[in-house]
1. Looking only at the stretch 140-156, which residues are small (Gly, Ala, Ser) and open to solvent by 30 Å² or more (accessible area, probe 1.4 Å)?
2. Looking at Ala22, Ala89, can you tell me which residue is at pLDDT below 95 and within 16 Å of the ligand (Cβ to nearest atom)?
3. Filtering the stretch 212-224 down to residues that are open to solvent by 20 Å² or more (accessible area, probe 1.4 Å) and free of Cβ contacts under 8 Å to residues at least 60 places away in the same chain, which residue is farthest from the ligand (Cβ to nearest atom)?
4. Return the only residue of Arg208, Arg192, Arg240 being more than 17 Å from Leu156 (Cα to Cα), open to solvent by 50 Å² or more (accessible area, probe 1.4 Å), within 15 Å of the ligand (Cβ to nearest atom) and outside any helix (DSSP H, G or I).
5. Do any strands (runs of 3 or more DSSP E) lying entirely in the stretch 7-95 carry at least 1 residues that are crowded, with 23+ Cβ neighbours inside 10 Å, touching a strand residue (DSSP E or B) at 6+ places or on another chain (Cβ under 6 Å) and among the small types (Gly, Ala, Ser), and which ones are they?
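The values are calculated or read from the model by the stated rules, or taken from the named source; none is laboratory data. This one's a predicted model, so the numbers in the text were calculated from it and none came from an experiment. Don't worry about glycine lacking a Cβ; one is built from the backbone with ideal geometry, like all the others, and counts go over all protein chains shown. Please note that ligands, DNA and RNA were not included when accessible areas were found on the heavy atoms of the full protein model with its side chains. Shrake-Rupley method; radii C 1.70, N 1.55, O 1.52, S 1.80 Å.
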Amino acid sequence: MTLQNQKLLIIGGSSGMGLALARRALHEGADVTIVGRNEERLARAAADLGAPATLQTIAADMTDEARVAALFARLGTLDHIACTAADIAGAYRLLPELELPAVMRVVESKFIAPLLIAKYGAPVLSSGGSLTFTSGIAAYRPAARGTVVAAINAALEGLVRALAVELAPLRVNAVSPGWVDTSIWQFVAGDRKAEVLGGMAERLPVGRVGRPEDIADAIAFLIGNGFTTGEVLHVEGGHRLA
Ligand SMILES: NC(=O)c1ccc[n+]([C@@H]2O[C@H](COP(=O)([O-])OP(=O)(O)OC[C@H]3O[C@@H](n4cnc5c(N)ncnc54)[C@H](OP(=O)(O)O)[C@@H]3O)[C@@H](O)[C@H]2O)c1
């Protein structure tokens, strides 16, 4: 299946994996809405995507229930929803330095937002529709400083399995990326980004870290495969083995 003529909502579409998915979907002929909180970031993404008539951008914080309800009321019927949104950088700390507001931003962006997206998004999905969320390798290979992210990715995967049952016959899946070169790494590794990602590339069986397009490809599969639900698709270059 291609995404031609499909109405696709991408939450987190102004950056990284979501932006790569938007590019791919537009190329395949989908009607795409990208959502993020920051208007300027959305405008830059739209320009980067060539601002076609089949693209719209909407600024919304998906952790805000009223805002989520209003967004779905405005959008009407959709075919598929993908969410790559995360606000996690502030929580990469060892426990003594960990501050609760940063923890709550992780929980809200990676668990509460998906829950709200399912609550308000499922009723507007067409038959054959799907929801795809984004967990991550930290759930399987946790590292010091990444405790909160590891835990929330695991929680999200539990949510996905439960939603696949409750929302059936809509399909609900997650992609679990390994280390992917996106702007998140500027916040996590700062000046050491190239060194940190290079070290991981050497360690991985595939010899490189991920590209946003690798994850967009996996999400496109999950959207298109009508026999897959409640699944976590690992796209991580063999990280769990290394
Ligand atoms: N990159 C990696 O190595 C890696 C590894 C494992 C898992 N992951 C997971 O993969 C997903 C995508 O990561 P990425 O690297 O593509 O991230 P990214 O480049 O930082 O993009 C995150 C997107 O989410 C949006 N966003 C954040 N909070 C939001 C909110 N409350 N409401 C609406 N939009 C929000 C951001 O825009 P605004 O800031 O403007 O809102 C941005 O568009 C995340 O769930 C991340 O945890 C990433």
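1. Residues satisfying the conditions are Ala143, Ala144, Ala151, Ala154, Ala155.
2. Exactly one residue qualifies, and that residue is Ala89.
3. Phe221
4. Arg208
5. 78-83
Yes/no matrix, rows are residues, columns are (1) in contact (Cβ under 8 Å) with a residue 60 or more places away in the chain; (2) in contact with a Ser or Thr (Cβ under 9 Å, 6 or more places away or on another chain):
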site	(1), (2)
Pro52	no, no
Ile58	no, yes
Glu65	no, no
Val68	no, no
Asp79	yes, yes
Thr84	yes, yes
Leu95	no, yes
Leu98	no, yes
Lys110	no, yes
